[in-house]
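Right, one structure below, let's go through it.
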Number of protein chains: 2
Amino acid sequence: MTHCPACERLRAPAADPLFIAELRQSIAMLHEHQAYPGWCVLFVKDHAEHLHELDPQVRADLMLDVADAAAALNRAFAPRRINYECLGNQLAHIHWHVIPRYQPPLDPDPRSVVWVRDGAQLHCGSTQAERLQAIRALRAAGLVGQA
Amino acid sequence: MTHCPACERLRAPAADPLFIAELRQSIAMLHEHQAYPGWCVLFVKDHAEHLHELDPQVRADLMLDVADAAAALNRAFAPRRINYECLGNQLAHIHWHVIPRYQPPLDPDPRSVVWVRDGAQLHCGSTQAERLQAIRALRAAGLVGQA
């Protein structure tokens with residue numbers, strides 16, 4: 001296997017400042033971009049590149065993790081809707097983006113995917129205190145370990 | 001309920017020229033944009049707007065449908081990878097995009113989501129004969145009714 005930045009990051013997940021919880025088959029992290037408050041990313045624990053190649057039971061449990069993240073996000077942040085994206089275009093380790101969408105002006109283009117905004121807009125400069133507050137809100141809303 | 005274009009379309013799904021198959025909880029259609037050959041969309045059969053509000057068993061079966069579509073897509077078109085997106089930003093009826101990604105030049109920007117291309121590029125003008133060929137290829141690769 002070539003070097004995988006996600007596997008590197010998952011070696012000591014709880015030490016990551018964006019760590020939220022260890023779930024059934026994934027590690028939930030807050031996304032570094034908080035232009036959409038509560039945006040989470042779930043990384044599958046064991047390295048795998050293609051969702052359709054996962055063991056069906058692992059995939060089913062991973063999707064339960066995604067559903068739990070969405071439910072917590074909904075309780076904690078009451079977004080207008082939630083976008084679910086498993087892409088792998090830039091990072092070849094299965095991960096799910098669970099992205100809350102809001103009304104303008106917070107969410108300036110609710111009819112488009114978040115990726116149409118340029119990186120500087122996505123990286124809105126949330127502080128570590130704000131990120132920690134979001135992590136705590138998601139945990140309080142039920143996004144906690146399944147072990 | 002306000003008028004839903006997806007429900008309208010699903011009234012007689014088999015009559016739709018893009019119809020592929022009726023699955024467990026969804027109707028699989030070829031996407032009208034075939035700039036990424038084999039791009040499918042799975043519409044949940046019974047109107048629902050938010051994935052996290054679906055009955056867990058319905059959601060699990062829907063995800064099996066998505067996995068089946070991806071497996072067939074992989075067998076029929078051998079893409080480099082597959083993007084999975086459930087957005088609802090423009091159509092408030094749960095639907096999953098299962099989008100095959102290829103190497104350039106067919107897929108000119110494999111590091112980005114397909115939506116960064118403008119509509120004219122996405123709507124590459126595939127013919128009805130080409131679309132029918134893709135539908136047949138997906139069915140031959142196993143994307144057939146579960147009933």
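The values are calculated or read from the model by the stated rules, or taken from the named source; none is laboratory data. What you are looking at is a predicted structure, and each value in this text was computed from that prediction instead of being measured. A quick note on method: Cβ atoms are made from the backbone with ideal geometry, for glycine too, and the neighbour counts reach across all protein chains shown.
Structure values in brief
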read-out	value
Residue in region B:92-111 that is farther than 21 Å from A:S112 by Cβ and touching a Cys at 6+ places or on another chain (Cβ under 8 Å) present	no
Filter pass, A:A71 being more than 7 Å from every other protein chain (Cβ to nearest Cβ), at pLDDT 95 or above, surrounded by fewer than 22 Cβ atoms within 10 Å (Cβ to Cβ) and under 16 Å from A:I99 (Cα atoms)	no
Unmet requirement for B:G38, which otherwise passes all of (1) among the small types (G, A, S); (2) within 11 Å of another protein chain (Cβ to nearest Cβ); (3) touching a strand residue (DSSP E or B) at 6+ places or on another chain (Cβ under 7 Å)	(2)
Filter pass, B:I82 being crowded, with 17+ Cβ neighbours inside 10 Å, touching a residue at least 60 places away in the same chain (Cβ under 8 Å), assigned to a strand (DSSP E or B) and of a type in the set (A, V, I, L, M)	no
Residue in region B:3-18 that is within 29 Å of A:D68 (Cα to Cα) and in contact with a Cys (Cβ under 8 Å, 6 or more places away or on another chain) present	no
Hits in region B:108-140 (condition: under 14 Å from B:Q34 (Cβ atoms), of a type in the set (K, R) and out of contact with any Asp or Glu (no Cβ under 9 Å at 6 or more places or on another chain))	B:R136
Any chance A:H33 is within 14 Å of chain B (Cβ to nearest Cβ) and modelled with pLDDT under 95	no
Qualifying residue in region A:57-67 (condition: in a strand (DSSP E or B), touching a residue at least 24 places away in the same chain (Cβ under 8 Å) and not basic (K, R))	no
Among the residues listed as A:R24, A:R11, the single one being basic (K, R), surrounded by fewer than 19 Cβ atoms within 10 Å (Cβ to Cβ) and within 14 Å of chain B (Cβ to nearest Cβ)	A:R24
Output for region B:100-128, where each listed residue is surrounded by 12 or more Cβ atoms within 10 Å (Cβ to Cβ), part of a loop (DSSP other than H, G, I, E, B) and within 11 Å of chain A (Cβ to nearest Cβ)	B:D107, B:D109, B:P110, B:S112, B:V113, B:R117
